[in-house]
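These notes concern the structure reproduced below.
The values are calculated or read from the model by the stated rules, or taken from the named source; none is laboratory data. Everything quoted here is computed from the prediction, not taken from an experiment. Every residue, glycine among them, receives a Cβ derived from its backbone with ideal geometry; neighbour counts consider all protein chains shown.
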Amino acid sequence: MQKLSLTKIILLALLPCFFYATKTSAQTKLVTIPNSEHQLMHSKIAGHDYDIYIHFPAGYDTAKRKFPVLFVVDGDNDFSPSLEYLGLLMAEYHIPEPILVAIGDGGQIGTPGNKRN
């Protein structure tokens, strides 16, 4: 089993940044990702609704063990790519499958008065 160096971990973690995609007004086809769900969370402080995307490991409902949790920001764009990268990490380095929680931007990116700093 290969040992995962800190440099490789950082590079793999930053990889989604290079594939950032902007939102468009074109209609998109909704796709269902197995073992995943979408929730909407309202922030009273920020005054915005945030999309929360959650992916559970296979067998999560019946598992008796705990799972690590990985949080991803800008989840509107990075949820699916993050699942792909996790698959690669699990196959190559045998890391345990985590629960993936991706938090959307609340529709604030690229808008005047953006409150995210």
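Structure notes:
- Residue match in the range 20-30 (condition: at pLDDT below 65, exposed (fewer than 14 other Cβ atoms within 10 Å of the Cβ) and within 15 Å of the chain's Cα centre (by Cα)): yes
- Boolean, TYR53 is modelled with pLDDT of 90 or more and of a type in the set (Ser, Thr, Tyr): yes
- Here TYR60, TYR53 are screened, and the one residue that is of a type outside the set (Lys, Arg) and crowded, with 16+ Cβ neighbours inside 10 Å is TYR53.
- The range 74-93 - residue that is of a type outside the set (Asp, Glu) and modelled with pLDDT under 90 and, of those, surrounded by the most Cβ atoms within 10 Å (Cβ to Cβ): GLY75
- In summary, PRO112 fulfils each of the numbered conditions (1) at pLDDT below 95; (2) more than 21 Å from HIS42 (Cα to Cα); (3) not polar (S, T, N, Q) with the single exception of condition (2).
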